[in-house]
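The values are calculated or read from the model by the stated rules, or taken from the named source; none is laboratory data. The model shown is predicted, which means the values in this text are computed figures rather than measured ones. Remember, those area values only see protein heavy atoms, side chains included, never the ligands or the DNA or RNA. Shrake-Rupley method; radii C 1.70, N 1.55, O 1.52, S 1.80 Å.
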Amino acid sequence: MPKCALPNEDGFLALVDTSVESCTGVIVITASDYEYLMGFTQVSSIEATAVFGGAFSLVFVSGFAMSYAIKMVIKLIKIL
C-alpha cells in the first residue's frame with residue numbers, strides 16, 4: 001500500500017498520515033508492490049525477440065506482397 005513520506009526537521013523521510021493524492025513529498029511502496037508493478041513494465045528478452053522477429057517477418061511478407069502485385073500489374077499491361 002503506498003504511503004506519503006515527507007522530510008522531517010532532521011532531514012530524514014518520515015511517513016505521514018495524508019492521502020497519496022495530496023502528497024507533496026515522496027510516495028513509497030512496499031517491495032512486493034514494486035515487484036508486482038515491475039512485472040508489467042519490464043520487457044523480457046524473450047518478449048523483445050518475439051516482437052523483433054514478428055516485425056522483421058512483416059517487412060519481408062509485405063515486401064513480397066507488394067512486389068507480387070506489381071509483377072501482376074506489369075503482366076496485365078503486357079497482355080493488353
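Considering only residues that are open to solvent by less than 90 Å² (accessible area, probe 1.4 Å) and either modelled with pLDDT under 90 or not β-branched (Val, Ile, Thr) (or both), look in region 22-32 and name the one that is farthest from ALA5 (Cα to Cα).
Just the residues of region 22-32 that are open to solvent by less than 90 Å² (accessible area, probe 1.4 Å), to begin with: 22-23, 25-32.
The next check asks that each one be either modelled with pLDDT under 90 or not β-branched (Val, Ile, Thr) (or both); those that pass are 22-23, 25, 31-32.
Numbers: SER22: 12, CYS23: 8, GLY25: 6, ALA31: 16, SER32: 18 Å.
Taking the candidates together, the pick is SER32.
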Inset, instruction - Look through region 33-57, keep the residues that are hydroxyl-bearing (Ser, Thr, Tyr) and open to solvent by 80 Å² or more (accessible area, probe 1.4 Å), and return whichever of them is modelled with the highest pLDDT. - result: THR49
